[in-house]
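Derivation of every value follows stated rules applied to the coordinates shown; laboratory data play no part. The model shown is predicted, which means the values in this text are computed figures rather than measured ones. So basically every Cβ, Gly included, is an ideal-geometry build from the backbone, and we count neighbours across all protein chains shown.
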Amino acid sequence: MPITRKGDIVGGGPPKLVVPGQTLSGCIVNRPDADSYCFVNNETLLAYGGAPLSGYTWTVAALSTLLAGTTVDPETGIFHSNGGMLVPGTHTFDMTVSDGSRTATGTFTFVVKTYEGFAPSAVFQQPAVSSIPLPDAYTGYGCGASLWALGEGELPWSWYLTTGELPPGMVIDQSRGVVRGTPHSSAAGNTYSFTITVKDKTGKEALILGSNPPTYTIFVPR
């Protein structure tokens with residue numbers, strides 16, 4: 001689920017911190033090959049904006065609970081199984097993200113279906129789109145955005161710059177899957193494009209669905 005919205009400059013400060021919410025990939029229970037358990041894909045929860053100079057931190061929002069059998073890594077924001085049995089139905093939960101000084105909350109949906117014949121196979125993959133514009137970044141202000149991956153890859157995942165470049169002053173947080181930093185003045189007026197490689201704990205790379213990996217872009221207006 002790529003990020004397509006732009007960040008807002010609020011009162012001349014850093015971009016607004018946003019958790020857009022997602023419908024996650026879901027799973028199927030009572031499959032013949034899986035007893036009464038279902039396979040939960042590891043999936044990145046998305047946030048963008050704010051000034052995550054040390055990355056984003058995720059917590060379950062007040063008055064909300066995760067569905068039993070799942071958890072979210074507080075540093076990477078990866079939703080995954082904790083080994084418990086899941087109950088069929090449509091489950092929603094709220095997650096709060098912090099950039100160290102501000103917070104934002106979004107709603108996530110996870111559907112557990114009962115086996116009715118065909119169970120789709122899961123792959124470790126990056127987004128199946130050609131271009132992903134990340135929020136605008138402004139010189140002198142901290143900013144950031146989550147990157148997305150999905151699938152069976154063994155946690156933890158690592159994120160690497162493959163081609164292209166980031167705005168000077170910004171980096172890819174390899175352990176969190178977040179682009180973050182404070183753009184230098186030399187970046188003003190330019191658009192930066194890059195691709196990434198995602199690897200799991202064993203070194204297995206995320207598959208690319210299509211002929212080329214998605215290209216991320218960041219525009220620095222000023």
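Per-residue HN-Hα couplings for segment 84-97, Karplus 6.51 cos²θ - 1.76 cosθ + 1.60 at θ = phi - 60°, whole Hz, x for Gly and Pro?
Coupling constants for segment 84-97: x, 7, 9, 9, x, x, 9, 10, 10, 8, 10, 10, 10, 10 Hz.
Fully extended, how many nm does the chain gain between T65 and N190 (0.36 nm per residue separation, minus their Cα-Cα distance)?
Here the segment from T65 to N190 would lengthen by 40.8 nm.
Quick check: residue separation of Q174 and K113 times 0.36 nm, minus the Cα distance between them. What number comes out in nm?
Stretched fully, the Q174-K113 segment lengthens by 18.6 nm.
Using Cα-Cα distances under 8 Å and only pairs 6 or more residues apart, what relative contact order does segment 47-121 have, in percent?
31
How would you rank L53, L63, L46, going from fewest to most other Cβ atoms within 10 Å of each one's own Cβ?
L63, L53, L46
With r defined as the distance between the Cβ atoms of K201 and R222 and R0 fixed at 30 Å, what FRET efficiency is calculated, to the nearest 0.05?
For K201 and R222, the calculated efficiency is 0.15.
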